[in-house]
Amino acid sequence: MTFVVTENCIKCKYTDCVDACPVDCFYEGPNFLVIHPDECIDCDACTPVCPAKAIYRDTDLPVNMGHFLELNEELSRQWPSITDSKNPLADAAAWDGMAGKLTHLER
Ligand code: SF4
Ligand code: F3S
């Protein structure tokens, strides 16, 4: 099992999740964070602190977010680790909850 970051993180990247994670398994891209599935210990500490409510247990993923499991696995093997929170992206509040953000994912 693992937890998965989904679409509403894109262009928000609040990073509160990073400080909550006891095993530093978040990885950072330009406008999205992902979780390394082999490092996540399924503690559920990150889910409640995400202001965008973007994190799900893999078994609880909404049907339309299923592809984010593979995306987290793929990108966590490419992107650098992030271990400290930082300021959200500019306009994070405006993008929070917007539909169709996957098209804005930067790799
Ligand atoms: Fe880190 Fe726990 Fe969240 Fe997994 S469930 S990403 S170990 S805080
Ligand atoms: Fe993204 Fe939520 Fe973390 S918006 S960076 S998953 S706190």
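Computed over the chain with a Gaussian network model linking Cα atoms closer than 10 Å, the most mobile of Ala54, Ala20, Ala90 is Ala90.
With the full set of protein chains in place, find how many percent of the accessible area of the stretch 13-107 is carbon and sulfur; take the probe as 1.4 Å.
Carbon and sulfur together cover 51 percent of it.
Leaving ligands and nucleic acids out of the surface, order Arg77, Arg107 by accessible area at 1.4 Å, largest first.
Result of the area sort, largest leading: Arg107, Arg77.
When peptides 45-52, 3-10 are sorted by average Cβ neighbour count within 10 Å, with the highest value leading, the order is 3-10, 45-52. Normalised per residue, the accessible area of the stretch 3-80 is 43 Å², obtained with a 1.4 Å probe and no contribution from ligands, DNA or RNA. With the charge dipole of the chain set up from +1 on Lys and Arg Cβ and -1 on Asp and Glu Cβ about the Cα centre, the Cα lying farthest toward the positive end among the listed residues Ala20, His104, Gln78 is that of His104.
Ordered by solvent-accessible area of protein heavy atoms (1.4 Å probe), largest first, the residues Lys53, Lys11, Lys86, Lys101 come out as Lys53, Lys86, Lys11, Lys101. Remark: relative contact order (the chain) = 45 percent; criterion is Cα-Cα distance under 8 angstrom and separation of 6 or more residues. Mean residue ellipticity, 222 nm, helices only, the chain: the sum of -39500 (n - 2.57) across DSSP H runs of n ≥ 4, divided by residue count and rounded to 500, is -4000 deg cm²/dmol.
The values are calculated or read from the model by the stated rules, or taken from the named source; none is laboratory data. Predicted model only: the values in this text are computed from it and were never measured. Don't worry about glycine lacking a Cβ; one is built from the backbone with ideal geometry, like all the others, and counts go over all protein chains shown. In case anyone asks, the SASA skips ligands and DNA or RNA and just uses the protein heavy atoms, side chains included. Shrake-Rupley method; radii C 1.70, N 1.55, O 1.52, S 1.80 Å.
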